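In what follows, a single structure is set out as structure tokens and then discussed.
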Amino acid sequence: MLKILFAGLIAGWLTGKLMHGRGYGVLADILLGLIGAVIGQWVFGQLRVPVHGAIGFIAMAVVGAVILVGAIHLLRGGR
């Protein structure tokens with residue numbers, strides 16, 4: 001459980017840096033990373049992309065979180 005939270009925190013932080021320039025706060029970053037992991041796992045599964053190790057899991061979560069944040073930005077009108 002702690003490993004998943006840590007990976008979610010890293011993924012959320014990285015996504016904040018990539019998509020927004022700053023994070024959304026620790027809890028929001030963890031939640032963003034965790035939801036991103038679910039989205040990323042689905043996307044990688046559909047594309048049949050294998051994920052290996054902690055770095056692969058974090059990368060997958062970041063991809064999913066970037067998709068999530070991008071969708072939120074589109075829904076909010078680019079903000």
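Listed by first and then second residue, the pairs linking a residue in region 42-56 that is outside any loop (DSSP other than H, G, I, E, B) to a residue that is modelled with pLDDT of 95 or more, with Cβ atoms under 6 Å apart and 6 or more places separating them unless they lie on different chains, form an empty list. In region 9-31, is there at least one residue being part of a helix (DSSP H, G or I), surrounded by fewer than 20 Cβ atoms within 10 Å (Cβ to Cβ) and either of a type in the set (Asp, Glu) or on the phi > 0 side of the Ramachandran plot (or both)? No; the residues of region 9-31 include none that is part of a helix (DSSP H, G or I), surrounded by fewer than 20 Cβ atoms within 10 Å (Cβ to Cβ) and either of a type in the set (Asp, Glu) or on the phi > 0 side of the Ramachandran plot (or both). State which residue is surrounded by the fewest Cβ atoms within 10 Å (Cβ to Cβ) when the search covers only region 67-79 and only residues that are β-branched (Val, Ile, Thr) and farther than 16 Å from Leu9 by Cβ. Ranking the qualifying residues of region 67-79, first place goes to Ile72. Only one of the numbered conditions (1) part of a helix (DSSP H, G or I); (2) modelled with pLDDT of 85 or more; (3) of a type in the set (A, V, I, L, M); (4) more than 17 Å from Lys3 (Cα to Cα) is violated by Ile72, and that is (2).
What do you reckon, is Trp42 touching an Asp or Glu at 6+ places or on another chain (Cβ under 7 Å), modelled with pLDDT of 80 or more and hydrophobic (A, V, I, L, M, F, W, C)? If you could, list the steps in order and put the result at the bottom.
Values: touching an Asp or Glu at 6+ places or on another chain (Cβ under 7 Å): no; modelled with pLDDT of 80 or more: yes; hydrophobic (A, V, I, L, M, F, W, C): yes.
For Trp42, the condition - touching an Asp or Glu at 6+ places or on another chain (Cβ under 7 Å), modelled with pLDDT of 80 or more and hydrophobic (A, V, I, L, M, F, W, C) - is not met.
The values are calculated or read from the model by the stated rules, or taken from the named source; none is laboratory data. From a predicted model like this one, the values you see are computed outputs, not experimental measurements. Positions of Cβ are backbone-derived with ideal geometry, glycine not excepted, and every protein chain shown enters the neighbour counts.
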